[in-house]
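Below: the structure, in C-alpha cells.
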Amino acid sequence: SSISHELRTPLANIQLFAETLLLERAGGEAAQRGALDTIVRETRHLGQMVENVLALSRVGRPAHRLSPRPEDVDRLVREVAALFEPLARAHRIVLETTITPGPMATLDGDAVRRILINLLDNAIRHGGSGGTVHVSSRHDTTVLEFAVADQGPGIPPQDRERIWEPFERGEGSGSGIGLAVVRQLVLLHHGSVQIEEVAPHGACFRVTLPLMAGE
C-alpha cells in the first residue's frame with residue numbers, strides 16, 4: 001500500500017499517452033514522438049519500481065548470495081548512464097560521466113547495476129531541473145568506487161539516516177525504496193555508501209565496494 005500511488009502514476013501516464021496516440025490526438029511528428037518518449041520513460045520507471053520491490057524482498061534473506069563473475073565495469077557504468085539520457089532530457093538535466101578505465105573485475109554485475117540505477121534515478125528526479133548530474137567511477141582488481149552527484153537542494157543532516165529506511169522519503173517524492181535497496185546491496189558486498197555535500201548546493205552519493213575473487 002505504501003507504493004500503490006507511485007505505481008498508479010506511471011500507469012496513468014502510459015494509458016493517457018497511449019490513448020492519445022490511438023485516437024490520433026497527437027498532431028504532428030514532434031507531438032507523437034513526445035508521447036512515445038513518455039510511454040517509454042514511464043514504462044522504464046514502472047519496471048524499476050517493480051525490480052526494487054523484488055530486490056527489497058530478496059535482499060537480507062540468509063539464502064541470498066551474490067553471484068560474482070568477470071565484468072567490464074567501464075561498459076557497465078556507460079550502459080546504465082545511457083539508459084537515463086531520456087529521463088535526464090525530460091528534466092532538462094545534463095548527464096555527465098567520468099570513467100577511469102580499469103581491468104576486468106569480478107563482481108555481481110546485476111547488484112551493481114541495481115545500485116547505480118537507483119542512485120541515478122534518485123539524482124535525476126530530485127536533482128533540480130536544468131542542472132547537471134555527474135557519474136564517476138574508478139576501480140582496480142580489489143575495489144570499485146563510483147559516485148553520483150547532483151545540483152539539487154541537497155539532503156538535510158537530519159534526513160541522512162532516515163532516507164535509507166524502506167518507504168521513507170526526504171523532501172521529494174518517490175516510492176521510498178530505491179535508497180533502501182542501495183544500502184542493503186552495499187552492505188551485502190561489505191561495502192560503504194556515504195552522502196557528501198556538493199558546493200554550492202547538491203548531494204553526492206559515494207559507493208565503495210570491495211571486489212570479490214573469482215571462483
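How large is the Kirkwood hydrodynamic radius of the chain, counting all unique pairs of alpha carbons, in Å?
Values: mean 1/r = 0.0549 Å⁻¹.
Evaluated over the chain, this radius sits at 18.2 Å.
Inter-label distance, Glu165 to Val94: 3.9 nm, where each label sits 7 Å from its Cα along the C-beta direction.
Given a 1.4 Å probe, how much area per residue of the chain is accessible, in Å²?
On the way: 11480 Å² over 215 residues.
Here the per-residue accessible area is 53 Å².
Rounded to the nearest 10 degrees, what's the angle between the helix 29-58 long axis and the longest principal axis of the chain, both from Cα atoms, 0 to 90? The helix 29-58 is inclined about 40 degrees to the chain. Here the accessible area is traced with a 1.4 Å probe on the protein chains. For the range 18-158, carbon and sulfur cover 53 percent of it.
Across the chain, C-alpha contacts under 8 Å between residues 6 or more apart give a mean separation that, scaled by the residue count, equals a relative contact order of 20 percent.
Remark on the range 76-116: hydrodynamic radius 11.7 angstrom, per the Kirkwood mean of 1/r across alpha carbon pairs.
Just to confirm a number: summing +1 for Lys and Arg and -1 for Asp and Glu over residues other than His134 whose beta-carbon lies under 11 angstrom from that of His134, what do you get? Around His134, the surrounding residues sum to -2. With only Cα atoms counted, the range 92-204 has Rg and Dmax values of 14.0, 39 Å. The long axis of helix 109-126 is offset from the longest Cα principal axis of the chain by roughly 50 degrees.
Taking 35 Å as R0, compute the FRET efficiency from the Cβ-Cβ separation of Ala31 and Glu196 and round it to 0.05.
Numbers: r = 41 Å, r/R0 = 1.18.
For Ala31 and Glu196, the calculated efficiency is 0.25.
Across the range 25-151, the volume of the C-alpha convex hull divided among the residues equals 123 Å³ per residue. What you get for the chain, charging only the Cβ of Lys and Arg (+1) and of Asp and Glu (-1), is a dipole of about 280 debye around the Cα centre.
Karplus-based coupling profile of the range 12-18, in residue order and whole Hz: 5, 5, 4, 5, 4, 6, 5, with θ = phi - 60° in 6.51 cos²θ - 1.76 cosθ + 1.60 and x standing for Gly or Pro.
The values are calculated or read from the model by the stated rules, or taken from the named source; none is laboratory data. For clarity, every value in this text was computed on a predicted model and none was experimentally measured. Note: ideal-geometry Cβ built from the backbone for every residue, glycine included; neighbour counts use all protein chains shown. Protein only, heavy atoms only, side chains kept; ligands, DNA and RNA dropped before computing areas. Shrake-Rupley method; radii C 1.70, N 1.55, O 1.52, S 1.80 Å.
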